[in-house]
Amino acid sequence: MNDISRRRLLSTAGAVGAGGLVVGAAGGAAAHAATEADPAALTTVGSTEVAFRSSRRATPQAGITTPLQSTGYLIAFDLAAGAGRGGAAALLRRWSASAQKMMAGEPADHDTDIALDAGPSSLTVTFGFGRTFFDRTGLVAQRPSQLDPLPDFSSDHLDPRKSNGDLWVQIGANDPLVAFHALRALQNDAGSTARVRWQMTGFNRTPGATAAPKTVRNLMGQVDGTGNPKPSDDDFDQRIFVPADGGERTPAQPKWMAGGSYAIVRRIRMLLDDWEKLPVAQQEKVIGRRKKDGAPLTGGTETTAMDLEKFGHDGKPVIPDNAHARISAPEQNGGAALLRRGFSYHDGIGTDGTPDAGLLFVCWQADPLRGFVPVQRKLDRGDALSPFLRHEASGLFAVPGAPGPGEYVGQRLLEGA
């Protein structure tokens, strides 16, 4: 998958985690001594590189199965009037050239030197196309039906100014300056061809902050992502990526999407003041999992399967009927599965005096109509978590496969290759 060494990434996170605990316990003097004795201990995260291009066709872009990074930017652009197909192709050439260099830890053209002293830091840059991109470039005949507008949901309070867009970019890195450097480079590359429609900034736990790699926690304090499909699953690729032949489980898809996926982006505000008033035991019933370790309320560890048929002494299901984990489980949704890979966000205090904070939800699937939509419809009808969430922005993007040697991302669409 994109020539990325998953073993290297995971082992790096574990190694840094162990070192981080020692430094935290010993204090500043020990940290200084460790730096003098072993400079590599502080450069492990920075040295990790993810490939932009792939030597094989029909493989996904980086930033989908790449382990979560600590800093993220989500940006949507709209093409300028008259840019057309030629302008879009030129822009994507520039973006691909910059992404290739920066992901390798090299300066971009006309570099700003923001990341001058840093390594690649697991930087990934992922590109996608919104529904309107095809109208603006005269490529409507190549637009997948999977980009049909999402249905309305009762929890939606969507701001159109922060939703959708012609082009979408996801940036992730394990160093904030490296991520910001990539953001500025791509914005500068856009020039007069495209303007920023919206931009969102997110974060996750830094690799090495825990003794061993762990599932991320969201701002509600819950372990978030336990039920994600795993790359080791037999049907993982079938559920998450568009196959080279267009697929049998999904409606026919254009050839340029081979190896690609569909990203749904939702800015979900968490009503943290209300949530934090609930006792932990009640929070756990809302979710259906223990807060301390993510294990299902029916027992075991985080990875133990939920026993949805287990009843308590009161005759009620141990995992309530409206618990978030129960309602969103694939077995409760006809096998619908999606790969969640989001970032938390905090944008200060809202006009109502409460934290403007929550989740930049990003999920990946081979077909949104068989992934996100049925699950969200089910959640919309009775999820116990819904009263504590507000969906404030939304976007759906087609993310083609990784470019091959010498290609730019989207070339197979724009040049009909």
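Could you tell me whether K230 is in contact with a helix residue (DSSP H, G or I) (Cβ under 7 Å, 6 or more places away or on another chain) and either assigned to a loop (DSSP other than H, G, I, E, B) or surrounded by fewer than 19 Cβ atoms within 10 Å (Cβ to Cβ) (or both)? First the steps, then the outcome.
Numbers: in contact with a helix residue (DSSP H, G or I) (Cβ under 7 Å, 6 or more places away or on another chain): yes; either assigned to a loop (DSSP other than H, G, I, E, B) or surrounded by fewer than 19 Cβ atoms within 10 Å (Cβ to Cβ) (or both): yes.
So K230 passes the test.
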### Query
Among all residue pairs at least 6 apart or on different chains, which show Cβ distances below 8 Å where the first residue, located in segment 177-193, is over 15 Å from L116 (Cα atoms) and the second is open to solvent by 10 Å² or more (accessible area, probe 1.4 Å) and among the charged types (D, E, K, R)?
D189/R94
### Message
Here is a check on your reading of the model: is A295 open to solvent by less than 10 Å² (accessible area, probe 1.4 Å) and either modelled with pLDDT under 95 or touching a His at 6+ places or on another chain (Cβ under 9 Å) (or both)?
### Response
no
### Query
From R85, R53, R93, which residue is out of contact with any helix residue (DSSP H, G or I) (no Cβ under 7 Å at 6 or more places or on another chain), open to solvent by 50 Å² or more (accessible area, probe 1.4 Å), of a type in the set (D, E, K, R) and touching a residue at least 24 places away in the same chain (Cβ under 8 Å)?
R93
### Query
For residues in segment 327-383 being part of a loop (DSSP other than H, G, I, E, B) and among the β-branched types (V, I, T), which is modelled with the highest pLDDT?
T354
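Touching a residue at least 24 places away in the same chain (Cβ under 8 Å) and closer than 30 Å to Q411 by Cα - does that describe any residue in segment 277-295?
At the first step, the residues of segment 277-295 found to be touching a residue at least 24 places away in the same chain (Cβ under 8 Å) are 283, 285-289, 291, 293-294.
Still in the running and closer than 30 Å to Q411 by Cα: none.
No, segment 277-295 has no match at all.
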### Task
Select from segment 169-189 the residues that are over 13 Å from H110 (Cβ atoms) and assigned to a helix (DSSP H, G or I) and write down the one among them that is nearest to the chain's Cα centre (by Cα).
A179
### Task
Would you mind finding the one in P60, P67, P120, P107 that is within 22 Å of the chain's Cα centre (by Cα), in a loop (DSSP other than H, G, I, E, B), farther than 28 Å from I268 by Cα and not β-branched (V, I, T)?
P120
### Message
Could you check segment 105-118 and list, in sequence order, the residues that are open to solvent by 30 Å² or more (accessible area, probe 1.4 Å) and in contact (Cβ under 8 Å) with a residue 12 or more places away in the chain?
### Response
G105, D109, H110, D111, T112, I114, A118
### Task
Sort out which residues of segment 366-393 are over 22 Å from I64 (Cα atoms) and either of a type in the set (S, T, Y) or surrounded by 17 or more Cβ atoms within 10 Å (Cβ to Cβ) (or both), and write them in order of number.
K378, L379, D380, D383, A384, L385, S386, F388, L389, H391, E392
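Quick one: is F134 open to solvent by less than 10 Å² (accessible area, probe 1.4 Å) and out of contact with any strand residue (DSSP E or B) (no Cβ under 6 Å at 6 or more places or on another chain)?
Details: open to solvent by less than 10 Å² (accessible area, probe 1.4 Å): yes; out of contact with any strand residue (DSSP E or B) (no Cβ under 6 Å at 6 or more places or on another chain): yes.
When the stated conditions are applied, F134 passes them.
Table: residues versus (1) modelled with pLDDT under 95; (2) open to solvent by 30 Å² or more (accessible area, probe 1.4 Å).
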| site | (1), (2) |
| --- | --- |
| N174 | no, no |
| A179 | no, no |
| R184 | no, yes |
| Q187 | no, yes |
| V196 | no, yes |
| G208 | yes, no |
### Message
So for segment 140-161 (the condition being open to solvent by 80 Å² or more (accessible area, probe 1.4 Å), over 30 Å from G46 (Cβ atoms) and either in contact with a helix residue (DSSP H, G or I) (Cβ under 8 Å, 6 or more places away or on another chain) or aromatic (F, W, Y) (or both)), does at least one residue qualify?
### Response
yes
### Message
Given the criteria assigned to a loop (DSSP other than H, G, I, E, B), over 19 Å from the mean Cα position of the chain (by Cα) and not aromatic (F, W, Y), does G401 qualify?
### Response
no
### Task
Sort out which residues of segment 298-312 are under 26 Å from the mean Cα position of the chain (by Cα) and either open to solvent by 40 Å² or more (accessible area, probe 1.4 Å) or among the hydroxyl-bearing types (S, T, Y) (or both), and write them in order of number.
T301, E302, T303, T304, A305
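The values are calculated or read from the model by the stated rules, or taken from the named source; none is laboratory data. Since the structure is predicted, the reported quantities are computational estimates derived from the model, not experimental observations. Methodologically, a virtual Cβ is constructed for each residue, glycine included, from the backbone with ideal geometry; neighbour enumeration extends over all protein chains shown. Just the protein is used for accessible areas: all its heavy atoms, side chains included, with ligands, DNA and RNA removed. Shrake-Rupley method; radii C 1.70, N 1.55, O 1.52, S 1.80 Å.
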